[in-house]
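Only one structure is covered here, and it is reproduced in the block below.
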Amino acid sequence: METKEVNPAEETWTRKTAPSTSLSGPDIIVEVVEEIFLNVPPDQVVCVCRLVCWQWKEVADSEALWRQRCRREGYCLRDPSRTPRDWRLFYFSCKNRRNLLKNPRGEDDLNGWEILENGGNEWAVHGLRRPHPDETVQKNFVTSYGMCRKVQLIDLKKEGYSPSFMDDLQPHIRISDWYSPRSDCGCQYEICVELLNERMNTVQKFAPDIVYFEQWNNESWQQMSHVFQNYGPGVRYIRFTHGGKDTQFWAGWYGIRLTDSCVEICPAACT
């Protein structure tokens, strides 16, 4: 039987490129690959680098890589006793933190919202009467003399937040809403945000008292905000409902004005 001669240099390269399973001394080449991956855009690590070979895949999928990436970019655990099962998911959830509400400023008319009540002259979208603190906000939803109320239901799993992620970490859920009256008419504003389980039962709810404005107010923009925390396991949906009306029953759109509503999942302590 012919014996194949092994090139010593080839044997050394194979041994050093294979990720080590030893806890006492990781191979230097693995550390180099990890350092390179830490300086590559994260989506490229997942979509390109991990497909090159099985060695790169192991490094790209390793907990150590994504923990280090979180550490370098300042994504710290809010509660050290709650450790994510998937550090890559935790990293991307922090990095891709975003507003989960669709069309929060009325830039796409009323699309994305379900109308629950459409009183008076009904919901409408107008330009701002007074500048918003955020100069990029240029439109708002306006209400009329009958009750106007609209809602969005957020499916957390569809948005990329798995049941295990929500149950294990219980990340803070921040909500906010901007509202403004008209100076020439009294009006009211209300908001209700609910965390729901799989059966659509309420796990936790934020429903402050109705806010009333008298006629001849200063028409300034105000922000309603709240952070859900320690809500326990089982949260699968978020239902965001808000609305209002004028209190003097004037035809037209003299009721509360709403814009820039927001619901965000905040997994990291620094966000």
Completion exercise
If we ask which residues in the range 180-203 are touching a residue at least 24 places away in the same chain (Cβ under 8 Å) and not in a strand (DSSP E or B), their number turns out to be 9
Practice task
Considering each residue of the range 239-252, count those that are surrounded by 15 or more Cβ atoms within 10 Å (Cβ to Cβ) and part of a loop (DSSP other than H, G, I, E, B), and give that number.
Solution key: 2
Exercise for the section: Note down all Cβ pairs under 6 Å where the first residue falls in the range 205-220 and is free of Cβ contacts under 8 Å to residues at least 60 places away in the same chain and not assigned by TED's automatic domain parsing to the domain that holds ARG130, the second is charged (D, E, K, R) and surrounded by 12 or more Cβ atoms within 10 Å (Cβ to Cβ), and they're at least six residues apart or on different chains. Expected result: none
Handout entry: Boolean, TYR145 is surrounded by 21 or more Cβ atoms within 10 Å (Cβ to Cβ), in the same structural domain as PHE228 (by TED's automatic domain parsing) and closer than 29 Å to ILE265 by Cβ
Key = no
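Just to check your reading of the model, which residue among ARG105, ARG174, ARG182 is touching a strand residue (DSSP E or B) at 6+ places or on another chain (Cβ under 9 Å) and outside the structural domain of SER225 (by TED's automatic domain parsing)?
Every option except ARG105 fails the conditions.
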Handout entry: Residue list for the range 204-219, restricted to those being assigned to a strand (DSSP E or B) and farther than 13 Å from PRO181 by Cβ
Key = GLN204, LYS205, PHE206
Handout entry: Filter result (over 21 Å from PHE213 (Cα atoms) and either buried (at least 17 other Cβ atoms within 10 Å of the Cβ) or in contact (Cβ under 8 Å) with a residue 12 or more places away in the chain (or both)) within the range 128-138
Key = ASP134, VAL137, GLN138
Fill in the blank from the handout: Reported set for the range 220-238 where residues are surrounded by fewer than 17 Cβ atoms within 10 Å (Cβ to Cβ) and either assigned to a strand (DSSP E or B) or on the phi > 0 side of the Ramachandran plot (or both) is GLN222, GLN223, SER225, HIS226, VAL227, ASN230, GLY232, GLY234
Practice task
Identify the residue in the range 170-209 that is of a type in the set (Asp, Glu) and more than 23 Å from TRP250 (Cβ to Cβ) and, among all such residues, is surrounded by the fewest Cβ atoms within 10 Å (Cβ to Cβ).
Solution key: ASP209
Problem - Test: ARG50 is surrounded by 14 or more Cβ atoms within 10 Å (Cβ to Cβ), part of a helix (DSSP H, G or I) and among the charged types (D, E, K, R) - result: yes
Exercise for the section: Among the residues of the range 139-179, count how many are under 20 Å from the mean Cα position of the chain (by Cα) and either within 16 Å of GLY243 (Cα to Cα) or without any contact (Cβ under 8 Å) to a residue 40 or more places away in the chain (or both). Expected result: 8
Problem - Residue match in the range 61-69 (condition: over 18 Å from PRO267 (Cα atoms) and in a loop (DSSP other than H, G, I, E, B)) - result: yes
Problem - Flag if TRP56 is surrounded by 15 or more Cβ atoms within 10 Å (Cβ to Cβ), modelled with pLDDT of 90 or more, in contact with a Cys (Cβ under 7 Å, 6 or more places away or on another chain) and not assigned by TED's automatic domain parsing to the domain that holds ASN230 - result: no
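The values are calculated or read from the model by the stated rules, or taken from the named source; none is laboratory data. Since the model is a prediction, treat every value here as computed from it, not as a measurement. Cβ coordinates were reconstructed from backbone atoms using ideal geometry, including for glycine residues, and neighbour counts include every protein chain displayed.
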